[in-house]
1. For q = 0.13 Å⁻¹, what log10 I(q)/I(0) does the chain give under the Debye formula with an equal point scatterer on each alpha carbon and no solvent?
2. Hey, quick one: spin label on residue 138, modelled 7 Å out along Cα-Cβ, who in segment 186-215 has an amide N within reach, i.e. under 17 Å?
3. Compute the semi-axes of the equivalent ellipsoid of segment 109-247, taking the square root of 5 times each eigenvalue of the Cα gyration tensor, and list them largest first in whole Å.
4. Quick one: helix 36-63 against the long Cα principal axis of the chain, what's the angle to the nearest 10°, folded into 0 to 90?
5. Could you tell me the calculated FRET efficiency between residue 52 and residue 227, based on Cβ-Cβ distance and R0 = 30 angstrom, to the nearest 0.05?
6. If each residue's Cβ is checked for other Cβ atoms within 10 Å, how do 200, 195 rank with the fewest at the top?
7. Using a 10 Å cut-off around each Cβ, can you sort 52, 149, 168, 163 from fewest to most neighbouring Cβ atoms?
8. For the chain, set up a Gaussian network in which alpha carbons nearer than 10 Å are linked by springs, and say which option among 142, 45, 82 fluctuates the most.
């Protein structure tokens, strides 16, 4: 009995991996010793795994993470860094995303804030969530351009839809009035609906002064800080350590 009609039907159904796995099974004599349900389970598992991998690749591509190889399992938990290990394990579960909670990562330059933010982004993708990475200075440029060409509302809509928005390098330069309002609009759209990760050299306790507008600062912090997990990165600069380790 020919297998071509079966392979053709699988292709029509877009079950390409299952079709390839079926062809491989047919060419392997040892597979004939397995029961039908065992072989079928293997075919279904191959197709499901391929789809999961394809979805993960697409999510990672769309996320545009600054550090593409960042991974929670590779985060250095050296005691010198004083990372709260209980909180770290809690974040590894991804429950904070389902609960629409935020993560605020602060510390001196070089302590690994961006790496941890991207690692959390990669974890979010692995869990099937949509992620967007934005360096805050570049985001403000993008917002300014959107104001100018009439795409501002559309941009806000895209930012509102992602499950996890990473705002890296918050607090590098003073905010303009427009930038303050932009930040509030972004956080208002996401409050209690999505999760936001912020990395900053500025301690959270100083963010109110940094925003430098009492009313907007109160509104921003109410939407960002009060429902957030806070991680303070300490220890020596990771960049300096790597530079000194080079021969």
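Readers should treat all values here as calculations from the given coordinates under stated rules, not as data from a laboratory. Predicted model, so just to flag it, every value in this text is computed and none were measured. Positions of Cβ are backbone-derived with ideal geometry, glycine not excepted, and every protein chain shown enters the neighbour counts.
1. Computed log10 I(q)/I(0) values: -0.85.
2. Zone members listed by number: 197-200.
3. Here the semi-axes work out to 26, 18, 16 Å.
4. 30 degrees
5. With R0 = 30 Å, the Cβ-Cβ based efficiency is 0.50.
6. 200, 195
7. So the ranking, lowest neighbour count to highest, is 149, 52, 163, 168.
8. Among 142, 45, 82, the largest mean-square fluctuation in the Gaussian network model of the chain belongs to 45.
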